[in-house]
Amino acid sequence: MLLGTYTPKLDDKGRVILPAKFRADLGDGVVVTRGQERCLYVFSTKEFERVYEKIREAPLTNKQARDFQRMFLSGASDEKPDSQSRITLPPHLRAYANLGRKLVVTGVGAHAEIWDAEAWNAYADSNEDSYSDMEQEVIPGLF
């Protein structure tokens, strides 16, 4: 399970070091793709295959499913961490997420997210009140 928040920097070649606590789950290879809210999703190869199997079950006759498949899969890039546990974020994904040099990498359970640091801070600030006010219905039976 991927948990926590980390603040690595993007190097001049578009690489980011995976947080040490994520390396056991992500060290064999990852798939990076467009996330929602202009972040990047990072999946282990195994988890991405599981997600893909769910995605391919969606009916091609459903426009929203087709739109999601196109955005999610067309941006995907499989990456293998180098000897220093860095992965390369392709230019099209860096542009999509408006990534600057300062990043925030968050663990979100089965995947990680990569955010531009300013974008993450704005997102977290704007969602704090709604997070505090969420009711039980968001995830039934959680609390």
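The values are calculated or read from the model by the stated rules, or taken from the named source; none is laboratory data. Keep in mind the model is a prediction, meaning the values are calculated, not measured. FYI the Cβ positions are ideal-geometry reconstructions off the backbone, even for glycines, and counts take in every protein chain you see. Just the protein is used for accessible areas: all its heavy atoms, side chains included, with ligands, DNA and RNA removed. Shrake-Rupley method; radii C 1.70, N 1.55, O 1.52, S 1.80 Å.
Conditions tested, residue by residue: (1) in a loop (DSSP other than H, G, I, E, B); (2) open to solvent by less than 20 Å² (accessible area, probe 1.4 Å).
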| site | (1), (2) |
| --- | --- |
| Arg38 | yes, no |
| Lys46 | no, no |
| Lys54 | no, no |
| Ile87 | no, yes |
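Checking each residue in segment 1-36 for being open to solvent by less than 90 Å² (accessible area, probe 1.4 Å) and free of Cβ contacts under 8 Å to residues at least 40 places away in the same chain picks out only Asp25. The residues of segment 56-85 that are assigned to a loop (DSSP other than H, G, I, E, B) and of a type outside the set (Gly, Ala, Ser), listed by number, are Glu57, Pro59, Leu60, Thr61, Asn62, Lys80, Pro81, Asp82, Gln84.
Rundown of residues vs (1) within 20 Å of Leu93 (Cα to Cα); (2) among the β-branched types (Val, Ile, Thr); (3) at pLDDT 95 or above, yes/no style:
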| site | (1), (2), (3) |
| --- | --- |
| Leu10 | yes, no, yes |
| Lys13 | yes, no, yes |
| Val16 | yes, yes, yes |
| Gly35 | yes, no, yes |
| Thr45 | yes, yes, yes |
| Lys63 | no, no, yes |
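Of all residues in segment 106-119, one or more are open to solvent by 60 Å² or more (accessible area, probe 1.4 Å) and at pLDDT 95 or above.
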